[in-house]
Amino acid sequence: MDRIVINGGHSLSGKVATGGSKNAALPLLFASLLANGTHRFNNVPKLMDIDSTAILLEHLDCTMHREGDQVTVETRTCAEPFAPYDIVRKMRASILCLGPLLARYGEARVSLPGGCAIGTRPINLHVEALGQLGAEMEVEGGYVHAWANHGLTGNTIVFENATVGGTENLLLAATLARGTTILENAAKEPEIVDLADYLRAMGARIEGDGSSVIHIEGVDQLQPAEHTVIPDRIEAGTLLLAGAISGGDVTVTQCVPGHLDALLKRLSDCGFELETGPDWMRIMPRSEWGAVDISTEPYPGFPTDLQAQFMALMTLAQGTSVITERIFENRFMHVQELARMGANITPKTQVAIVRGDSGALSGAPVMATDLRASASLVLAGLAAENETVVNRIYHLDRGYERLEEKLKTLGAQIERRSESEHPVS
């Protein structure tokens, strides 16, 4: 098993490009289930979750091929709309095959999903909403079995909570439902807009994406199209935070700064100097900067997927910060690993008190517990004295393409090693 070894204390500098968005690419790939033919997607990152999606699509009688950052999906009529546990357990986003399979074939049986252990993340909102489109639903033996013998029918659906996955699943299903579907309290994330853009290219009739109310007028059929995946805002934010925590001068290119307004505001509040352009953002070093509080919220609020990385930064701030996690109930598992590196953090159920100290972090062997926790430990290692070894980095590979290589181009002393090259300390 691979691990990442970092010799910290080196300021990063230079330019680094953001790759395609994982959280946008996954629902886009599942949208290919809605129409036979060749779907083309550009700017698709090379990640474990993309590979897991390919395995599931191939099980559903599709063929997925990659050439560089372009991925084509050749969709054929599925003989059996069934997504088994052995495939789905690897990735929570696998549940996004439920909506398109149900809409197109009138039936689907999908295993309850697996993925990072950052909370229960129940799919009840998906199930309840699809039921309101006329589907019969059973959850039994670890599987969701859904059927709609006479097809889906549009309805007004009010989500109890703004759910990204639920909004995506209903968008996918409602495109082929009879009549009009209205999604209220819908998620507003850029990834939702990107999915809607591709569905419109396929012939779907969708309005209001990016707002809390989305209208979908069902159509009889869709056609394959071509689409370029938006940049990954979480990777872009992580790279910017790498510049901040290392005291460096880093420009992140091929990104959309407007997708990260909440992060940029907090960094400005800390005292960092920032510059932005149409598709780039730059952070410059400051000798003194202070702590700020954050509270994770649905978009356009501060993203939960940057909470762990921002916490790593706050361990070095002047002053005390309060970090509140409002999205997932179990997303402070990185706290104990940061504490192994000398961080002074007091975690509560959904709140962490971080007492900053510019000389707080020192290298140590640490264990990644989930995708974004992995990134926070890498960032902490960039600032820590001596050597940090981050174990179980398969989590990192689910959501970051060659992160260690990108950081190395900025001057980080970082490398990936196999277990045999570097035994656990």
Q.
Using each residue's phi in segment 74-82, evaluate 6.51 cos²θ - 1.76 cosθ + 1.60 at θ = phi - 60° and report the 3J(HN,Hα) Karplus result to the nearest Hz, with x for Gly and Pro.
A. 9, 9, 10, 4, 7, 5, 8, x, 10
Q: Amide H neighbours of VAL213 under 5 Å, at least 5 residues apart or on other chains, H built in the peptide plane: list them.
A: ALA186
Q) With charges only on Cβ, +1 for K and R and -1 for D and E, what is the dipole size of the chain about its Cα centre, in debye, rounded to 20? A) 480 debye
Q. Can you work out the FRET efficiency for the pair THR156 and GLU297, with r the C-beta to C-beta distance and R0 = 25 Å, to the nearest 0.05?
A. 0.50
Q. Using modelled backbone amide H atoms (1.01 Å from N, in-plane), which distant-in-sequence or interchain residues come within less than 5 Å of VAL144's amide H?
A. VAL110, SER111, LEU112
Q.
At R0 = 25 Å, how high is the FRET efficiency between GLU415 and ARG286 if r is their beta carbon distance? Nearest 0.05 is fine.
A. 0.30
(Q) Once you place label points 7 Å from the Cα toward the Cβ at GLU275 and SER13, how far apart are they in nm? (A) 1.4 nm
Q. What does the charge add up to near ALA24, with Lys and Arg as +1, Asp and Glu as -1, over the other residues with Cβ less than 11 Å from its Cβ?
A. -4
Q: Please get the size of the charge dipole for segment 22-220, origin at its Cα centre, with Cβ charges of +1 on Lys and Arg and -1 on Asp and Glu, quoted in debye to the nearest 20.
A: 220 debye
**Q.** Charge tally in the Cβ shell below 14 Å around GLU184, where Lys, Arg are +1 and Asp, Glu are -1, GLU184 excluded
**A.** -3
**Q.** Least to most buried among ASP261, ASP197, ASP86, ASP220 (fewest other Cβ within 10 Å first)
**A.** ASP220, ASP86, ASP261, ASP197
Q | Percent breakdown of C-alpha pair distances by 10 Å bin, ordered from the shortest bin, for the chain | A | 5, 22, 31, 24, 14, 4, 0
Q | Residues of type lysines that LYS46 reaches as a straight line, Cα spacing below 30 Å, ignoring anything fewer than 8 places off in the same chain | A | LYS15, LYS22, LYS90, LYS188, LYS406, LYS408
(Q) Residues of segment 216-240 with backbone nitrogen within less than 12 Å of a virtual label 7 Å along the Cα-to-Cβ line of ILE182, please, listed as ranges. (A) 216
Q. When Lys and Arg each count +1 and Asp and Glu each count -1, what net charge do the other residues less than 12 Å away from LEU377, Cβ to Cβ, add up to?
A. +2
Q. Can you work out ³J(HN,Hα) from phi for every residue in segment 280-292, in order, using Karplus 6.51 cos²θ - 1.76 cosθ + 1.60 and θ = phi - 60°, giving whole Hz and x for Gly and Pro?
A. 8, 8, 10, 10, 10, x, 10, 6, 9, 7, x, 7, 9
Q | Cleavage-rule hits, trypsin sites (Lys or Arg not before Pro), segment 345-390, DSSP coil, Cβ neighbours within 10 Å at most 13 | A | LYS348
Q: Would you mind telling me the antiparallel percentage of the DSSP bridges in the chain, rounded to 5?
A: 70 percent
Q) Given a Förster distance of 22 angstrom, what is the FRET efficiency for GLU58 paired with TYR85, based on the Cβ-Cβ distance and rounded to 0.05? A) 0.85
(Q) Residues of segment 332-346 with the amide nitrogen closer than 20 Å to a label point 7 Å from the Cα of SER358, along Cα-to-Cβ, please. (A) 342-345
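Bear in mind that the values in this text are calculations on the coordinates, not laboratory data. Everything quoted here is computed from the prediction, not taken from an experiment. Here Cβ is always computed from backbone atoms with ideal geometry, including for glycine, and neighbour counts include all displayed protein chains.
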